[in-house]
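I have placed the structure first, in the form of structure tokens, so that the comments after it can refer back to it.
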């Protein structure tokens, strides 16, 4: 079973309150969960101690079992000193295109003029085709 440590929303309209829970990844955001590990009240001031409450013992247990915290929960754990969040490096794909556009490729050799069929050759081909069709017609009769 794939476990995740994530937030579930509760509270009334425009008054959010979140519980930090352990749940199966397949469950809905506010659906069935296994255990409550804390709470998050975004309506409180950032320096308020009750804004984020974590049960550290249970949180470390679920991490040892293999539960994966969501990004927001990982941030909360980082502020408590329980985990280290790694920020992924941004790819440089967009820079690669600009470099290719700025640096012209090696000068291309002038293209050879396209070979145009001479009228004699095209006449020979049509004569061959008519001969073939005549032969097939004779065989069919």
Members of segment 56-86 found to be out of contact with any strand residue (DSSP E or B) (no Cβ under 6 Å at 6 or more places or on another chain), surrounded by 15 or more Cβ atoms within 10 Å (Cβ to Cβ) and farther than 22 Å from residue 26 by Cα, listed by number: 77, 82, 83
Considering residues of segment 34-51 that are within 20 Å of residue 12 (Cβ to Cβ) and touching a strand residue (DSSP E or B) at 6+ places or on another chain (Cβ under 6 Å) only, the residue surrounded by the fewest Cβ atoms within 10 Å (Cβ to Cβ): 36
Test: residue in segment 12-19 that is part of a helix (DSSP H, G or I), at pLDDT below 95 and more than 29 Å from the chain's Cα centre (by Cα): no
Top-ranked residue of segment 3-18 - restricted to ones that are farther than 15 Å from residue 71 by Cα and in contact with a strand residue (DSSP E or B) (Cβ under 7 Å, 6 or more places away or on another chain), ranked as surrounded by the most Cβ atoms within 10 Å (Cβ to Cβ): 17
Members of segment 5-30 that are under 14 Å from residue 59 (Cβ atoms) and touching a helix residue (DSSP H, G or I) at 6+ places or on another chain (Cβ under 9 Å): 5, 6, 7, 20, 22
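The values are calculated or read from the model by the stated rules, or taken from the named source; none is laboratory data. A quick note: this is a predicted structure, and the numbers were derived from the prediction, not measured. Because the Cβ atoms are built from the backbone with ideal geometry, glycine has one as well, and the counts that use them run over all protein chains shown.
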